[in-house]
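Note sheet for the following structure.
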């Protein structure tokens, strides 16, 4: 009897082993089949045909082997366009025209494409009427979707050059199949091949051209918005530095300017919100509004009020911090100072460095705001230094550059050129030459008696002097 028990146990074990081997063989064949699918899609990519030819070829590969319905949609400026559609045999005559005409039900995160959710696949193993209601645009669309009889569906994002530019949707219906988690994972792998094929076929050529145009526009804007060489101001010595963070063709948010007004000159340093084209537009508005208002009135307060109104009129949370100095043609006369949400000017007197004004509210935030005008005489041997927070907020291995280090670097500097050169060198060393924010410096002092003003502009963006 025991022999029969042993034989039965062996038979059961052998049966289980045979079943397991059958599963392994089936999985191996399925994996080989999937590799073949990926290879065929890669071949389509290498063929580099037209966009329409590529889409049609991909659908031919996936129908009916992978899906009963294959849809490829393109996302352009927040809108979804049905670009290709494949339908397996067995569908009713209304299916293909109905799917071609309806607006695609691509997941909203994929369309917006702003965060990691855009890359999250949508996999529904068993499609219910509740999901169909979510997909449907109206009651008639719901009835159409229900008549399709979709059992499972997978939608994966098509990402290229770090942007979601489309979606691939695979569905099974009349074939009676269902998708599993394993199928959803394969669809995710497949999406990379499809995105590559679309890239090679020219889908993303427009993106390349747009990036090239953006870079050209940014470079043109930057050249137009770079601070001009400092003017010669009799009786005064000036020096400045401007260095935007990032690539050389990236428009920064910091700026300085120096221009003539009635009875003297006005020096301005500022920082606007944002980067790129938006920062460029705010910088242009700030610089030329201040110039116009100051030249007409010679009043820093009127200039700030005018710019504040212009920023509020944009209605897009455009903020700008400003520190402005109004210089008289007589260096012995007091300098008028206005500060709007900006680091206050620093007075350097030998080894002593101190703030000479308090900051009032930033520009573009509030209506009906008053900015105080303070006055300070710059005595011989003293200088006034203005910086943007790209200096104090700069990060390095030691942490934040900070106000204490700023004061220490300025202490003992004898003239504007020396102050700017020392501070620029300290900043470059502290950040290891890779600043993470824009930076600007503007320094002014009374020119030494009997000498001409020293006009120095340090072009920190390339480390070379201006031509």
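The values are calculated or read from the model by the stated rules, or taken from the named source; none is laboratory data. All figures in this text were calculated on a predicted structure; none of them were measured in a lab. Counting neighbours? That spans all protein chains shown, and the Cβs are built from the backbone with ideal geometry, glycine included.
What the table shows:
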{"read-out": "Condition met for residue 3 (more than 17 Å from residue 166 (Cα to Cα), assigned to a helix (DSSP H, G or I), at pLDDT below 75 and not assigned by TED's automatic domain parsing to the domain that holds residue 109)", "value": "yes"}
{"read-out": "Residue in the range 374-395 that is modelled with pLDDT under 90, part of a strand (DSSP E or B) and assigned by TED's automatic domain parsing to the domain that holds residue 243 present", "value": "yes"}
{"read-out": "Members of the range 346-363 found to be more than 34 Å from the chain's Cα centre (by Cα) and either touching a residue at least 12 places away in the same chain (Cβ under 8 Å) or on the phi > 0 side of the Ramachandran plot (or both), listed by number", "value": "347, 348, 349, 350, 351, 352, 353, 356, 357"}
{"read-out": "Some residue of the range 50-63 being surrounded by 18 or more Cβ atoms within 10 Å (Cβ to Cβ) and under 16 Å from residue 159 (Cα atoms)", "value": "yes"}
{"read-out": "Counted residues, the range 304-330 - those being assigned to a helix (DSSP H, G or I) and in contact with a strand residue (DSSP E or B) (Cβ under 7 Å, 6 or more places away or on another chain)", "value": "4"}
{"read-out": "Entirely in the range 86-180, the helices (runs of 4 or more DSSP H) that have 2 or more residues that are modelled with pLDDT of 90 or more", "value": "95-101, 129-135, 139-148"}
{"read-out": "Residue check for residue 269: in the same structural domain as residue 424 (by TED's automatic domain parsing), under 18 Å from residue 391 (Cβ atoms), at pLDDT 80 or above and in contact with a helix residue (DSSP H, G or I) (Cβ under 7 Å, 6 or more places away or on another chain)", "value": "no"}
{"read-out": "So residue 294, is it more than 20 Å from residue 387 (Cα to Cα) and either modelled with pLDDT under 80 or not in a helix (DSSP H, G or I) (or both)", "value": "no"}
{"read-out": "Total residues in the range 77-104, condition touching a strand residue (DSSP E or B) at 6+ places or on another chain (Cβ under 9 Å) and touching a residue at least 60 places away in the same chain (Cβ under 8 Å)", "value": "5"}
{"read-out": "Yes/no for residue 441 being in a strand (DSSP E or B) and within 22 Å of residue 286 (Cα to Cα)", "value": "yes"}
{"read-out": "Criterion: at pLDDT below 70, closer than 19 Å to residue 188 by Cα and either within 34 Å of the chain's Cα centre (by Cα) or not assigned by TED's automatic domain parsing to the domain that holds residue 160 (or both) - qualifying residue of 26, 45", "value": "45"}
